[in-house]
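Structure record follows, encoded as structure tokens.
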Amino acid sequence: MTPSAIERVNYVNGSRLEAADLRLEQAYHIGVRRRLNRALYQAGVAAGLEVTVAPDDPHRVVVSPGVALDEEGREIILLDPRTVEVTGIPSTTAGVVYGNYLVIAYAEEPVARFADGCGPPGARVTWGGPSRVRAEPVLRWRDVLPRPGSGEIVLAQAELDDQCAVRRLVLTVRRWVRPTEPSRVVPVSLEGEKDVDPSNPKLLYFHVRGGTPGSVVLHLRSAPMSTLYYSELGGHTHADGIAVAPVPVHSHGLGTITLSSVDGHDHTPIISRTEHSAPEDNGITTYHSTASNQNLTTRTGLTPTKAGGHTHTVSTGQRTADDGGDTPSITRTAAAAGAPDLNARAGATRRFLDGLNVLIDANNVTDLILGFLRGRDGAAAWPRLGIGGDSGGQVDRLAQPQGTGALDLVQLGLIDLGGEEHVIRLELSGDTGGRVLYNLYVA
């Protein structure tokens with residue numbers, strides 16, 4: 001039965017104190033203190049309890065002395081360093097770990113039992129018992145993140161190699177004690193998208209004020225890079241010279257050539273190749289059924305060589321014939337203004353994200369997110385965050401409508417809400433690119 005009021009012993013002269021009275025006195029102080037802890041603080045590590053790999057054995061970790069509070073307001077106090085044997089599942093891929101959480105929890109046990117008094121042989125002594133209650137925390141390993149209310153405080157996550165030795169300790173999963181003032185957090189929802197590549201990450205800033213939110217949920221998806229990136233580039237100029245050299249062999253069509261009538265004769269133009277070694281074979285010549293061929297031009301222009309010459313009209317935008325000769329070079333200088341440091345990028349077309357990295361407050365949490373997704377959907381479903389679109393029949397789950405689904409950054413232990421300003425950085429390290437779509441819910 002839950003008491004309706006808090007009681008404590010009222011000492012008066014001549015009253016008899018029994019064990020029940022003293023237990024009531026202890027319960028009063030312990031209960032009030034725990035209620036106060038719950039009212040003032042959220043569960044987490046208050047001080048110490050640092051985790052390091054044992055210097056003489058990579059299969060063990062050492063937890064330093066410290067203090068933590070659980071959800072019931074109980075003080076978890078470790079007075080001396082504790083060495084713990086590591087248990088868990090080895091990581092098949094370096095840098096990727098799921099499970100293997102080291103937790104600490106409150107525990108107590110009665111000790112120093114005693115019995116006193118006399119009685120017949122074999123008779124049960126009617127008084128006595130444990131004379132002490134020892135509060136000593138327990139340290140154990142969990143394969144999943146403890147649920148709220150479990151009384152377990154996460155201290156670290158261990159990545160193990162194939163020999164079950166500690167390869168790396170992940171400390172971003174730790175939760176710290178925080179004030180539990182009445183929440184005045186205003187729920188906020190952010191939505192957006194951005195084309196990203198190795199030189200252009202997405203930075204998502206958000207602020208937490210007025211208290212500590214219950215959740216910070218992130219959704220990520222990918223889509224093809226926007227065509228506006230290419231089609232809507234406005235007109236611009238460049239101050240530096242633009243060299244286009246060499247120019248591939250090409251041809252220019254001459255179209256219609258109009259010849260004036262000279263000396264009452266007509267001729268059909270025949271266009272020969274340019275850049276020939278024999279000058280008489282270059283230029284424009286005429287053919288007539290009763291007259292010999294006449295060379296109408298020289299290599300320097302359309303100047304007729306026949307006396308009483310005539311004119312030729314060459315339309316604009318014509319082509320020269322491919323003569324297989326040397327490749328010409330074209331150099332031109334554009335008008336001033338613009339951005340001279342922008343150059344065209346060579347390489348494959350960038351469409352979908354391939355290998356997205358997520359950093360929260362400068363901490364790379366990509367592996368932790370992948371560990372959660374693989375535990376939910378299977379290891380094969382998430383080789384990385386985005387695979388550049390469907391590849392070899394494998395579905396790019398990041399490009400599907402559901403994307404990653406809900407990632408509660410608080411529940412996953414990926415973010416420390418102790419500060420006000422936070423930044424999520426979405427970046428690519430390889431030569432890929434695409435569009436990232438995000439939803440962020442803070443409540």
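Some observations on this one:
- Options LEU398, LEU370, LEU385; residue that is in contact with a Leu (Cβ under 8 Å, 6 or more places away or on another chain), buried (at least 16 other Cβ atoms within 10 Å of the Cβ) and assigned to a loop (DSSP other than H, G, I, E, B): LEU385
- Checking each residue in the stretch 50-85 for being in a loop (DSSP other than H, G, I, E, B) and under 29 Å from the mean Cα position of the chain (by Cα) picks out only GLU50.
- Every residue from the stretch 135-152 that is at pLDDT below 85 and either closer than 15 Å to VAL61 by Cβ or of a type in the set (S, T, N, Q) (or both): none
- Looking across the stretch 160-174, the residues that are more than 24 Å from the chain's Cα centre (by Cα) and on the phi < 0 side of the Ramachandran plot come down to ASP161, ASP162, GLN163, ALA165, VAL166.
- The residue list TYR106, TYR98 contains one member that is among the aromatic types (Phe, Trp, Tyr), farther than 24 Å from ALA27 by Cα and in contact (Cβ under 8 Å) with a residue 24 or more places away in the chain, which is TYR98.
The values are calculated or read from the model by the stated rules, or taken from the named source; none is laboratory data. Every value quoted in this text rests on a predicted model; they were computed, and no experiment measured them. Backbone-built Cβ (ideal geometry, glycine too); neighbour counts: all protein chains shown.
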